[in-house]
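J.: Sending over a structure as structure tokens; questions will come in a sec.
Each reported figure results from applying straightforward, stated rules to the coordinates on display, with no laboratory input. What you see is a predicted model; the values in this text were computed from it and never measured. We place every Cβ from the backbone using ideal geometry, glycine too, and count neighbours over all the protein chains shown.
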Amino acid sequence: MSNTLRIITYNIHRCIGGDRKISPERISDVIAVHQPDVVALQEVDFGQARPALYDQANIIAESLNFETVWIERERCGNAILSRYPMKMVKAGGLHRPRRWHSLARRGALWVEVEAFGTKIQIIATHLGLTSASRLNQAKVLVGPEWLNRPDCRPPIILCGDFNTQPESTVFRLLEKRLNNVEKLDVNGQVEKTWPSSHPLLSIDHIFISSDIAVETARVPTDGLVQMASDHLPFFVQLSLPGNTD
């Protein structure tokens, strides 16, 4: 028997909308329409530059009536919100000491969510702006500290803003470990997420282990969504395997 998990990955651009207004509440409204179980956020402001906006992830979580939030605080902050019990596994940078390290630090957040008696490994990330940095970060991500760590066992979901399109070198590297949701969707189409006002590029993605099936994958484009952030959210509905204990 399978069980359904609804997940959104969303670069919220520090809640700065197309009208330049900062509104976590508007982001919450966009997310709430889809009634997700898990939300992965990128570019979360946690007070680095604007202390008054501290704790955007918790503001959004409270609006959604989610009790659990974990945040990773590299330069482009990642956060995961869940309506199911969740524990932190790992949070940190995707760089090696004295190598692949620049001011544009990027990181990842790994949590274990327990739903339907199944423990699901969920990793959220936001890769860099240059092809070299993305490749280096992806190599760390698929290595022994993250996806190839012994306790990173299926079912696994990897999501976030990868700043790269399908068929790129980074994509091919990640697909050696996990499946691209868009290829498994019934429509099989590439979902374009940036810029939100007139989406041209597919840079926000979700990858899953082979024991997970895709029921729905879509990028909403109507209502508040084109104004709330410079990215569109990517929503998927997944069918999980049965109890893994």
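J.: Give me the aspartates and glutamates in straight-line cross-link reach of Lys139: C-alpha distance below 20 Å, same-chain residues under 8 apart excluded.
T.: Leaving aside aspartates and glutamates fewer than 8 places away in the same chain, those within reach of Lys139 are Glu72, Glu74, Asp151, Asp161, Glu167, Glu175, Asp204.
J.: Further, regarding this structure: Taking only DSSP H segments of four or more residues, each worth -39500 (n - 2.57), what value at 222 nm results for the chain once the sum is divided by all its residues, to the nearest 500 deg cm²/dmol?
T.: Computed mean residue ellipticity for the chain: -4500 deg cm²/dmol.
J.: Sort 195-201, 31-37 by packing, meaning the average of other beta carbons within 10 Å per residue, with the highest value first.
T.: 31-37, 195-201
J.: Karplus couplings for segment 223-233 from phi (6.51 cos²θ - 1.76 cosθ + 1.60, θ = phi - 60°), rounded to Hz, Gly and Pro as x?
T.: Ordered by residue, 3J(HN,Hα) equals x, 5, 4, 6, 9, 5, 8, 7, 10, 9, x Hz.
J.: Putting +1 on Lys and Arg Cβ atoms and -1 on Asp and Glu Cβ atoms, find which of Met88, Ala213, Ile31 reaches farthest to the positive end of the dipole of the chain.
T.: Result: Met88, furthest along the dipole toward the positive end.
J.: A further question follows. So for the chain: antiparallel DSSP bridges make up what percent, rounded to the nearest 5?
T.: Counting DSSP beta bridges with both partners in the chain, the antiparallel share is about 80 percent.
J.: Here is a follow-up. Per residue of segment 210-218, what does 6.51 cos²θ - 1.76 cosθ + 1.60 with θ = phi - 60° give for ³J(HN,Hα)? Whole Hz please, x for Gly and Pro, Karplus curve as stated.
T.: With coefficients 6.51, -1.76 and 1.60, one gets 5, 8, 9, 10, 9, 9, 8, 9, 7 Hz.
J.: Which links in Lys119/Lys176; Lys87/Lys183; Lys21/Lys90 stretch past 25 Å when you go from one Cα to the other?
T.: Distance filter (> 25 Å) returns Lys87/Lys183; Lys21/Lys90.
J.: With a ≥ b ≥ c taken as the square roots of the eigenvalues of the C-alpha gyration tensor of the chain, please select rounded if a/c is under 1.5 and otherwise prolate if a/b is larger than b/c or oblate if it is not?
T.: It comes out rounded by the Cα gyration axes.
J.: Which value, in debye to the nearest 20, describes the size of the charge dipole of the chain about its Cα centre when Lys and Arg Cβ atoms bear +1, Asp and Glu Cβ atoms bear -1, and nothing else is charged?
T.: Its charge dipole is roughly 1040 debye.
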